[in-house]
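What follows is one structure encoded as structure tokens, with my remarks underneath.
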Amino acid sequence: MLNKDNVTEVLKDVIYFPKGDNIIALNMVDNLMVNENGIRFDLIVEHKDDPKNEILVNAANRTLKGVFGEIDIDIKVKEEETALSKVKHIIAVASGKGGVGKSTVAANLAVALARANQRVALVDADIYGPSVPKMFGVEDERPACFERDGKTVMMPIEKYGIKLLSIGFFVDTDRPLIWRGPMATSALNQLMNDTLWGEIDWMVVDMPPGTGDIQLTLAQQYHVTGSVIVTTPQQVAFADVLRAAMMFKEEALQIPLYGLVENMAYFTPSDMPEKKYYIFGKETGKQFAEQLGIPLLGQIPIVEKIAESGDQGTPLALDADSPVTKAFDAIAQSILNS
């Protein structure tokens, strides 16, 4: 019998595989109308332009017609209003191991995108070693929180025109975080979903090093536009770079790689900015990128001020005359043009 209850039961057989449940349980069906003329409902999705939506609509049509015959079915795809609904692009900044300057790259890339007149957010998802609060000089600040529809919502902190949020705002940074995977992914989901982000062109996410739970959660549960891999020039770093890059190329994730950033590529003295000393080897980053089949986005020099600026809460990409700024501006333009 064609009625609302029976249609609802049938739609429980339509599975949205990225979240591992049916579209009724996931509250993806809204405004369901059933009468003798057919079935109409809205399919609520995270991103209207996601190619998986068409697969889901076809599956719902097939399932309903398999039970009720050749009836009129009208399914309208509508985008869900979420904290990230107005975020256009998400960039994951990742590395195969720690100590390569990934957070420095994420922070300065965010600044470079803001310098290019983009609306930018920076999420510190390095749950076990948050550094963004210190790098932006906001360690003592705390995001404002308020109640909205029975849920606590956070307001990101703004600095240099960038909206910032980090687990470091909520924990004692002098003590290590000893969390199992589910606790870490829950913290990431709260940062992403329980924040009033507003209109954002580019959200830069500083990932933990490696290929663990946080990386999988971000890749599987969020619409990541692309990723940037950070490395240093040493040949021994390539195995770690390869693992990080291959993670994003996995069939289950399929996140595009914008390219590779070679950090600490060469040393430039402050009094002789035209000089380049390749301390760790020359052309290594280019070789890595060629082996991975991805672009080399840029080479970040070692300069005395880059560590000082991070420690003082003023990312060096704010200094228009620095060679570091020029390198990050070029990387930002490459991403904007991709």
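Tell me whether the stretch 62-80 contains one or more residues that are within 30 Å of residue 240 (Cα to Cα), in contact with an Asp or Glu (Cβ under 9 Å, 6 or more places away or on another chain), part of a helix (DSSP H, G or I) and modelled with pLDDT of 90 or more. Spell out the reasoning first.
Step one: list which residues in the stretch 62-80 are within 30 Å of residue 240 (Cα to Cα), which gives none.
No, every residue in the stretch 62-80 fails to be within 30 Å of residue 240 (Cα to Cα), in contact with an Asp or Glu (Cβ under 9 Å, 6 or more places away or on another chain), part of a helix (DSSP H, G or I) and modelled with pLDDT of 90 or more.
Within the stretch 2-16, residues that are polar (S, T, N, Q) have Cβ atoms under 8 Å from residues that are buried (at least 16 other Cβ atoms within 10 Å of the Cβ) in these pairs: 3/34; 8/24; 8/29, counting only partners at least 6 apart in sequence or on another chain. When the residues of the stretch 269-320 are filtered to those that are polar (S, T, N, Q) and without any contact (Cβ under 8 Å) to a residue 24 or more places away in the chain, the one that is surrounded by the fewest Cβ atoms within 10 Å (Cβ to Cβ) is 287.
Could you check how many residues of the stretch 179-217 are surrounded by fewer than 20 Cβ atoms within 10 Å (Cβ to Cβ), among the hydrophobic types (A, V, I, L, M, F, W, C) and assigned to a loop (DSSP other than H, G, I, E, B)? The number of residues fulfilling the criteria is 2. Given 153, 138, 132, which one is in contact (Cβ under 8 Å) with a residue 12 or more places away in the chain and surrounded by fewer than 18 Cβ atoms within 10 Å (Cβ to Cβ)? Of the residues listed, the single one that is in contact (Cβ under 8 Å) with a residue 12 or more places away in the chain and surrounded by fewer than 18 Cβ atoms within 10 Å (Cβ to Cβ) is 153.
Please go through the stretch 47-57 and pick out each residue that is over 14 Å from residue 17 (Cα atoms) and either touching a residue at least 24 places away in the same chain (Cβ under 8 Å) or assigned to a helix (DSSP H, G or I) (or both).
In the first step, residues of the stretch 47-57 are kept if they are over 14 Å from residue 17 (Cα atoms); the result is 47-49.
Of everything in the stretch 47-57, those that are over 14 Å from residue 17 (Cα atoms) and either touching a residue at least 24 places away in the same chain (Cβ under 8 Å) or assigned to a helix (DSSP H, G or I) (or both) turn out to be 47, 48.
Return yes or no: is residue 305 more than 27 Å from residue 242 (Cα to Cα) and more than 25 Å from the chain's Cα centre (by Cα)? Yes: the conditions hold for residue 305.
Within the stretch 87-110, one or more residues are in contact (Cβ under 8 Å) with a residue 40 or more places away in the chain and in contact with a His (Cβ under 8 Å, 6 or more places away or on another chain). Right, residue 31: touching a residue at least 12 places away in the same chain (Cβ under 8 Å) and either in a strand (DSSP E or B) or surrounded by 14 or more Cβ atoms within 10 Å (Cβ to Cβ) (or both) or not? No; evaluated as a whole, the condition is false for this residue.
Among 123, 93, 100, which is assigned to a loop (DSSP other than H, G, I, E, B), in the same structural domain as residue 167 (by TED's automatic domain parsing) and either touching a Cys at 6+ places or on another chain (Cβ under 7 Å) or of a type outside the set (D, E, K, R) (or both)?
Numbers: 123 fails: assigned to a loop (DSSP other than H, G, I, E, B); 93 fails: assigned to a loop (DSSP other than H, G, I, E, B).
Answer to the check: 100.
Would you check which residues across the stretch 34-46 are outside any strand (DSSP E or B) and of a type in the set (S, T, N, Q) and list them? 37, the sole residue that qualifies.
The values are calculated or read from the model by the stated rules, or taken from the named source; none is laboratory data. The model shown is predicted, which means the values in this text are computed figures rather than measured ones. Quick reminder, even Gly has a Cβ in these numbers, built from the backbone with ideal geometry, and neighbours come from all protein chains shown.
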